[in-house]
Amino acid sequence: MTMRSLKGKRPIPGTIIFDGSQAIRGYQLNKMCYSFNKAENRDAFLKDEDGYCDKYGLNDDQRAAVKERDVLKLLGLGGNIYYLAKLTGIFGLNMQDIGAQQAGVSLEEFKAKLLAAGET
Amino acid sequence: MARLIGGVGSSHVPAIGNAIERNLQSDPYWQPFFKGYEPVWNWMEEKKPDVAILVYNDHGLNFFLDAMPTFAIGAAAEYQNADEGWGLKPLDPFQGDPEFSWHLIDSLVHDEFDITMCQEMKVDHGFTVPMSLMWPRQQGRDRVKVIPLCVNVVQYPFPTARRCLKLGEAVGRAVASYEADLDVVILGTGGLSHQLDGQRAGHTNREFDTEFLDRLKDDPEWLLKYSNYELAEKVGPQGVEMIMWLIMRGALGNDIRELSRNYHIPISNTAAGVILFENEAV
Ligand SMILES: [Fe+2]
């Protein structure tokens, strides 16, 4: 399922390209996250997380990664970052919080690294 | 005839919208970013364009992954902003120019670009943040009519940088052939280097962005030597949004002046850029 335009490319370290195979893998997960544009759906998820994941047909791995709020795992399971941000937003995590989480550093370290990039 | 009087390249991340909502423009973190927009504010105030063609991408408000158009153009009388899930307060609706939209669509399809036509289209932060950056006051945003031009830079394969530059050239021809006495600006938004996903989250590339900005006026083809995959490696998967600036650049033709530019790291997880071009041909 590697796309013609990506075939034979060397992997980019620390990066997953959201291509067709990822889009297939993550379709249900991303569809659930898309529903979180609506406040009533965010509330319904908070009230009954398992029931909500059932409704969208998430597989066991995706369900576990949702439980762990593990963005890196969710990305590997086909999640797209813009959609995952709608999920993590429910828990009050913004793009910098999940950036730090994925990079495996504290929020302060993550912000410091970005500030340092501005000084070079 | 309509005249394309200038173009702006600009970042569009939600954190900017949040800073505007909270009035943080002179906060030390934000000041070096917002001061780069002063020349743009003055220019917009002086020129008072009638219509803005706004090139951006939707991040999961109007388009889901069930059907992703490569290029979509709005043809509505009004465009609503809405809740994107993580708390940015929706802005007031934006006024469209359906007649001009249909001319643009018609002209582009005759020029062999296969456009998705949208009579209803919600616009997300990719659209609203540049609108607030160009016209900080509601009154300014109310005066300009908008035509959203939405590009897929979310799900691979994206259109190539070359395709974007050519689409821009076709947009330039479409504007020039519109029989109405209108001053038009085009905004290319997104970028610059940034990476939101993966262990490499937080990646930026000042050197690459700087060369991109340096070459944008006289040598926009420079970017074409990179595939979107190679670009993702250099500027991060979301940094590839910079190909949308080529649509703006292509539309302007070659008789242009660079009036101002600013570049600043960091804004949230990104390198932020703004550049203002004026068309000397009109
Ligand atoms: Fe974007």
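The values are calculated or read from the model by the stated rules, or taken from the named source; none is laboratory data. These numbers were taken from a predicted model, which means no experiment stands behind them. In this analysis, Cβ positions are derived from the backbone assuming ideal geometry, glycine residues included, and neighbour counts consider all displayed protein chains. SASA here: full protein model, heavy atoms, side chains in, ligands and nucleic acids out. Shrake-Rupley method; radii C 1.70, N 1.55, O 1.52, S 1.80 Å.
Please verify whether segment B:173-184 includes one or more residues that are away from the ligand (no atom under 16 Å from the Cβ), in a loop (DSSP other than H, G, I, E, B), in contact with a His (Cβ under 8 Å, 6 or more places away or on another chain) and not small (G, A, S). Within segment B:173-184, one or more residues are away from the ligand (no atom under 16 Å from the Cβ), in a loop (DSSP other than H, G, I, E, B), in contact with a His (Cβ under 8 Å, 6 or more places away or on another chain) and not small (G, A, S).
Of everything in segment B:213-243, what is within 16 Å of the ligand (Cβ to nearest atom), assigned to a helix (DSSP H, G or I) and open to solvent by less than 10 Å² (accessible area, probe 1.4 Å)? Give them in sequence order.
Looking only at segment B:213-243, we keep the residues that are within 16 Å of the ligand (Cβ to nearest atom), and these are B:228, B:231-232, B:235-243.
In the following step, the residues that additionally are assigned to a helix (DSSP H, G or I) were identified as B:228, B:231-232, B:235, B:239-243.
Hits for segment B:213-243 are B:L231, B:A232, B:V235, B:G239, B:V240, B:E241, B:M242, B:I243.
Every residue, every condition in (1) assigned to a loop (DSSP other than H, G, I, E, B); (2) open to solvent by 20 Å² or more (accessible area, probe 1.4 Å); (3) facing chain B (nearest Cβ under 8 Å), yes or no:
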position	(1), (2), (3)
A:K9	yes, yes, yes
A:I24	no, yes, no
A:Y34	no, yes, yes
A:E40	no, yes, no
A:F45	no, no, no
A:D54	no, yes, no
A:L58	yes, no, no
A:D61	no, yes, no
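Condition first: within 17 Å of the chain's Cα centre (by Cα), without any contact (Cβ under 8 Å) to a residue 60 or more places away in the chain, away from the ligand (no atom under 16 Å from the Cβ) and assigned to a strand (DSSP E or B). Can you find one or more residues in segment B:41-57 that meet it? No, every residue in segment B:41-57 fails to be within 17 Å of the chain's Cα centre (by Cα), without any contact (Cβ under 8 Å) to a residue 60 or more places away in the chain, away from the ligand (no atom under 16 Å from the Cβ) and assigned to a strand (DSSP E or B).
Taking the criterion of being open to solvent by 30 Å² or more (accessible area, probe 1.4 Å) and in a strand (DSSP E or B), the residues of segment B:86-138 that qualify are B:Q95, B:T116, B:M117. Within segment A:90-111, the set of residues being at the interface with chain B (Cβ under 7 Å from one of its Cβ atoms) and among the aromatic types (F, W, Y) comprises A:F110 only. With respect to being open to solvent by 10 Å² or more (accessible area, probe 1.4 Å) and touching a residue at least 12 places away in the same chain (Cβ under 8 Å), B:F208 fits the description.
Name the residue that is nearest to the other protein chains (Cβ to nearest Cβ), counting only residues in segment B:72-82 that are buried (at least 18 other Cβ atoms within 10 Å of the Cβ) and away from the ligand (no atom under 16 Å from the Cβ). Step through it out loud before you land on a result.
Our first condition is that a residue be buried (at least 18 other Cβ atoms within 10 Å of the Cβ); within segment B:72-82, this holds for B:72-76, B:79, B:81.
Now drop any that are not away from the ligand (no atom under 16 Å from the Cβ), which leaves B:73-76, B:79.
Details: B:I73: 21, B:G74: 19, B:A75: 23, B:A76: 19, B:Y79: 16 Å.
Looking at residues that are buried (at least 18 other Cβ atoms within 10 Å of the Cβ) and away from the ligand (no atom under 16 Å from the Cβ), I get B:Y79.
Return the residue satisfying two criteria in turn: it lies in segment B:213-228 and is touching a helix residue (DSSP H, G or I) at 6+ places or on another chain (Cβ under 6 Å) and without any contact (Cβ under 8 Å) to a residue 60 or more places away in the chain, and of such residues it is farthest from A:G8 (Cα to Cα). The residue in question is B:R215.
Report yes if some residue within segment B:13-31 is crowded, with 17+ Cβ neighbours inside 10 Å and either aromatic (F, W, Y) or within 14 Å of B:L259 (Cα to Cα) (or both); otherwise report no. Among the residues of segment B:13-31, at least one is crowded, with 17+ Cβ neighbours inside 10 Å and either aromatic (F, W, Y) or within 14 Å of B:L259 (Cα to Cα) (or both), which makes the answer yes.
B:G273 meets the conditions (1) part of a helix (DSSP H, G or I); (2) touching a Leu at 6+ places or on another chain (Cβ under 7 Å); (3) within 16 Å of the ligand (Cβ to nearest atom); (4) among the small types (G, A, S) in every case but one. The failed one is (1).
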